[in-house]
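Just below is one structure, and these are the notes that go with it.
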Amino acid sequence: MPGNRHGSRTRRRRTRGQALVEFAIVLPVFMLVLAGILDFGFLLYSRITLISAARDAARVSISVADKTTIPAIADSSVKGSITGLTPSAVTTTVTCVPAIGKTTCAFTGSSNLAAAGDSVKVVVTYPYHSFFPLFFGQVITIGATVQMVVE
């Protein structure tokens, strides 16, 4: 009987050691997957924030009476509506898209100034910096484009 007790104890020690080795192998893979999920979640949050900011800027821009102020108003609207992102890294481009039948439109000058029927196109870009650059790359440029008709 004493021999059986000793064999049982050895088997338990081996099982504990085996579990420790399996945990050591699985832990880095689990951490990599968790890091990827977190990084993707923050990337998705940044993208949704940009889309919302571009929509807000376009919505504010289409109802402005003084069409020459549209680019400045759109830029300040974008900077004011982004949360969780670095405002200085966000780039806003506002262009005028002429209505059907027109050849040009702009937000400056007097001859081809934007009018009802033309569109405001707001493009917002942001360089997303990954939390884990060794695994997922350094910078991913994300953006959103929204176009609305001027009232």
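The values are calculated or read from the model by the stated rules, or taken from the named source; none is laboratory data. Note that the coordinates shown come from a computational prediction; the quantities given were computed from them, not determined experimentally. Note that each Cβ is placed from the backbone with ideal geometry, even for glycine, and that neighbours are counted across all protein chains shown.
Details
- Scope the stretch 47-98; condition among the small types (G, A, S) and within 21 Å of P127 (Cβ to Cβ); matching residues: S52, A53, A54, A57, A74, S76, S77, G80, S81, G84, S88, A89
- Pick from the stretch 128-146, criterion touching a residue at least 24 places away in the same chain (Cβ under 8 Å) and exposed (fewer than 14 other Cβ atoms within 10 Å of the Cβ), ranking: farthest from V60 (Cα to Cα): F135
- Filtered residue count, the stretch 101-120, keeping only those that are surrounded by fewer than 14 Cβ atoms within 10 Å (Cβ to Cβ) and without any contact (Cβ under 8 Å) to a residue 12 or more places away in the chain: 6
- One residue from V64, V78, V60, V94 being in a loop (DSSP other than H, G, I, E, B) and either under 28 Å from N112 (Cα atoms) or modelled with pLDDT of 95 or more (or both): V64
- Evaluation of T104 against (1) farther than 24 Å from I48 by Cβ; (2) touching a helix residue (DSSP H, G or I) at 6+ places or on another chain (Cβ under 6 Å); (3) at pLDDT below 90 (one fails), failing number: (2)
- Residue within the stretch 107-120 that is of a type in the set (A, V, I, L, M), at pLDDT 90 or above and closer than 30 Å to Y45 by Cβ present: yes
- Any hit, the stretch 16-24, residues being modelled with pLDDT of 90 or more and part of a loop (DSSP other than H, G, I, E, B): no
- Any hit, the stretch 68-80, residues being farther than 30 Å from G41 by Cα, over 25 Å from the mean Cα position of the chain (by Cα) and among the aliphatic types (A, V, I, L, M): no
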